[in-house]
Amino acid sequence: MASLPLNPELLARLQSKQPLLWLNPKQGQPLPASAPSADLIASAEARLARCAPLMATLFSELAPSHGQVESQLMPATALQHAIVGNDGGDGAWFIKRDDQLPIAGSIKARGGFHEVLAIAESIAIEHGILDPDGDRRVLATAAARALFSQYSVTVGSTGNLGLSIGVMAAALGFDAVVHMSADAKAWKKDRLRQRGVRVVEHEGDYAEAVAAGRQQALAAPRCHFVDDERSAMLFFGYAAAARHLSRQLAEAGRVVDAAHPLFVYLPCGVGGAPGGITYGLKALFGEHVHCFFAEPVASPCMLVQLASGTDAPVSVYDIGLDNRTDADGLAVGQASHLVSPLMASQLAGVFTVADDQLYVQLLALKTSMGVEVEPSAAAGIGGPGWLLGSHEGQAYVRDHGLDMRNATHVIWATGGSLVPPAELRRFQDYAATLAGQACGAMQPAA
C-alpha cells in the first residue's frame, strides 16, 4: 500500500472501520477558479420547469404535481425523540423525502431526468423538431420518438442512477443502456428491464461499470454517456433541489440565518447528488448552512479524498478498505473528480456509519414515523447525534459560534419507495434481530 498524505491517527481509525466524524479544515476557503457558475443552477431549474408539462404527459404519476419532480419535507419530531430522547434535544428535525420521488424513487431522479431532458432538447432542436422556445410536449410525439430511437443513452450505475437515466431515456424512445455492477440489487435490474432498458451486468464494482459504459459510448456513434463521476448536467440537476427546499423551509416557518443555522445530512456515494445539493444550498444560504455527508465505514471515498489534501485521485482501496457494504448505492471506491474539488471548500464534514447502524436507524424511522427506506437512505439519521453528542461535533458548534436552540436539521432520505415489499420486510426483520441482540447483551447474567 502506497504512502498517503493522511493523518496517521485518522488513517488508523478509518482502517479500523470504527464510525467517526471528520471535520473539513478547508471549509470556507474560496472555490477553485474552475468552479462552475451558480447561474447554471438557475438554468437547470428553468429546464425542469419548462419540461414539466412533458413530464406529466410521459408519466401519469406526475399528473398530480403537473410534472414537477419534488418531494415532501416532513417534520420528524417523533424520530428526534426516538433518537435523542424525550426532551428532543436542540432544534427541529425534518426528513427530506427523496425516497418518494416519483418514477425513479430516489435522490437521483432530478439529476438523471435533467440530463436526459437536456440531451433530448439538444437533439430535437438540431433536427428542427423543437423550436428553442417551443412546447416541450413535442418531445413525446411519434416524430420525436422516431428520431430519438436512432440514439442511445448509456450510464454506469449501482442502481438508482440507472433507474433515473434508464426510465427517462426509454420513455422518450432512446435506446437506453445501463451498465450495472455486481453489487447492484436484482430487483433494480428487473425493474429497468420491465421499462424497456437494456441492462449489462459486470462482475466488478461501481467504478468498473462506469468505465465499461464510458468505453461503449466512445466506440459507438450517436451514443451519449451519462458520466456519474464528471457530469455537470447531473450536478446542476441535483442542485436544483436547493431552491425548492428553501421554499419548503419558509412554509414550515424555519428561518435560515446566523441565529437560525441549517444543518443538512446527505448520504454520499460518488458525490454527485449530495455535492450538487450542497452547492445549491451554499449558493442560497452561504455560511448559514452546514452540510455533512454520511458514508459507510467501508466506503468513505469523499472523506478519504478530501482528507488527503491532494488533487490526485485517492480511493478507499488505497488505504486498505474493501468497499463492501449493504448500502449498495453508497458502495463507491473513489469520489467524483468534478465534485470533490468543490466540496473541499463547501463541505462541513463527513461522518461514517457501520452497516448494522444503518439497520438500527431505518428501524427507528419505521417505528417512530412509519417511513420505510433502504439501508443507504438511513445513513444521514445519525448526523444530529454526531454534531450534538460527539467531541468533534461540539467543537464544530463552538468554533462556529452556533446557537443550536434555533437550528434546523434536515436528514435527506435518498431511496426506498421502489424497493419490493419483501426486501423492505427483510430490512426490518434484520434490524429487529439486531435490536433484540442489543437488548439481550444488556441483560444481567443469571
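Since every read-out is calculated from the coordinates, none of them should be taken as a lab result. Given the structure is predicted, the values throughout are model-derived calculations rather than measurements. Quick reminder, even Gly has a Cβ in these numbers, built from the backbone with ideal geometry, and neighbours come from all protein chains shown.
Farthest toward the positive end of the dipole of the chain, out of Q29, L218, L10, is the Cα of L218, where the dipole comes from beta carbon charges about the Cα centre.
If you build a Gaussian network model of the chain, linking Cα atoms that sit under 10 Å apart, which residue out of P132, P267, P375 swings the most? Among P132, P267, P375, the largest GNM mean-square fluctuation belongs to P132. Spin-label pair K26-E9: with each label point 7 Å from Cα along the Cα-Cβ axis, the two points sit 2.1 nm from one another. Restricting segment 228-265 to trypsin sites (Lys or Arg not before Pro) that sit in a DSSP loop and have at most 12 other Cβ atoms within 10 Å of their own Cβ leaves nothing. Set the Förster radius R0 to 35 Å, insert the Cβ-Cβ distance between Q428 and D131 as r into 1/(1 + (r/R0)^6), and round the FRET efficiency to 0.05. In this case the efficiency is close to 0.10. Which whole-number percent gives the relative contact order of the chain, counting Cα pairs below 8 Å spaced six or more residues apart? For the chain, the relative contact order is 21 percent.
With the highest mean first, a sort of the peptides 345-355, 415-425, 158-168 on other beta-carbon atoms found within 10 angstrom per residue produces 158-168, 345-355, 415-425. I want to verify the translational diffusion coefficient of the chain in µm²/s; compute it with Stokes-Einstein, Rh as the Kirkwood radius over Cα pairs, at 20 °C and 1.002 mPa s. The estimated diffusion coefficient comes to 97 µm²/s. Qualifying GluC sites (Glu not before Pro) in segment 184-292, where qualification requires a DSSP coil assignment and no more than 13 other C-beta atoms within 10 Å, comprise E203. Compute the Cα gyration tensor for segment 1-110, then decide on rounded, prolate or oblate, letting a ≥ b ≥ c be the square roots of its eigenvalues: rounded whenever a/c is under 1.5, prolate when a/b is larger than b/c in the other cases, and oblate in all that remain. It comes out oblate by the Cα gyration axes.
Subtracting the Cα-Cα distance of A220 and H400 from their residue separation scaled by 0.36 nm leaves 59.6 nm.
Projecting the alpha carbon convex hull of segment 74-153 along each direction and taking the average yields 7.8 nm². Between Y317 and T77, the C-beta separation translates, for a Förster distance of 45 Å, into a calculated FRET efficiency of about 0.65. Over the Cα atoms of segment 108-234, each weighted equally, I'd like the Debye log10 I(q)/I(0) at q = 0.17 Å⁻¹, rounded to two decimals. One equal scatterer on each Cα of segment 108-234 leads to -0.80.
Result for the chain in a Gaussian network model with C-alpha springs under 10 Å: among G156, G196, G436, the largest mean-square fluctuation is at G436. Overall, segment 92-146 carries a charge dipole of about 320 debye about its Cα centre when +1 sits on the Cβ of Lys and Arg and -1 on the Cβ of Asp and Glu, all other atoms neutral. The simple spin-label model puts a point 7 Å past each Cα toward its Cβ; for A250 and A435 those points are separated by 3.9 nm. Across the options H391, P300, G111, the greatest Cα extent toward the positive end of the charge dipole of the chain (unit charges at beta carbon of Lys, Arg, Asp, Glu) belongs to G111.
Lysine pair count for the chain with Cα-Cα distance under 27 Å and sequence separation of 8 or more or different chains is 18. Simple rule: put +1 on each Lys or Arg Cβ and -1 on each Asp or Glu Cβ in the chain, find the dipole, and look at Q100, A348, G272; the Cα lying farthest toward the positive end is Q100. Taking the Cα centre of the chain as reference, the dipole from Cβ charges on Lys and Arg (+1) and Asp and Glu (-1) amounts to some 640 debye.
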